Amino acid sequence: MINLLPPERKALVLADYRRRRLVTGGLLFSGLLALTLLVLLVLLFSVRSRRLAAEATLGAERARVGQTAILEEELVLGQLARELGFLTAAASRRRLTEVVETILAKPRSGIRISDLTFDRAAGQPIFRLAGVAATRQSLLDFLAVLRQEPLVKQVESPVSNLIRDREAEFTINLQING
């Protein structure tokens, strides 16, 4: 039918046809571009929300691992405290042996120690010495030496220890510092 039109009219119809084709193609391209942008935006929001969820999970795991690490450190510190307590107890035992050595190393002419016992009554360490003094004066000298010892807090000697002048049996209680 276009072939039946005069040539000037034919040129106008062809120009109108090209314009409509361009407009239709432009609309189709714009629609396709809009649809592509819409799909990309949905994917972008989806990826972004997954990233935020992953970061939240990662933060929670870091906090959990941090708590686990803190608990592990607390266990290690507790174990070290127990070991330190054991070492402190060992050090105090050494100190008790040091006290025994110190007591036995004191000059004690005329003194025979027959019994040495240890008691921790009410948390206060007490040594009990029993023995025989050759004379009352040797016993008094030994008591004076014990009272000057810095490891000894208090020396308790009952008056009954001083009744006899010779071969006096005695019992002495020593409260130890610490």
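Residues being modelled with pLDDT of 80 or more, assigned to a helix (DSSP H, G or I) and either out of contact with any helix residue (DSSP H, G or I) (no Cβ under 8 Å at 6 or more places or on another chain) or not β-branched (Val, Ile, Thr) (or both) are entirely absent from the range 123-130. Within the range 152-172, the set of residues being under 44 Å from the mean Cα position of the chain (by Cα) and surrounded by 15 or more Cβ atoms within 10 Å (Cβ to Cβ) comprises Val152, Val155.
The values are calculated or read from the model by the stated rules, or taken from the named source; none is laboratory data. Given the structure is predicted, the values throughout are model-derived calculations rather than measurements. Here Cβ is always computed from backbone atoms with ideal geometry, including for glycine, and neighbour counts include all displayed protein chains.
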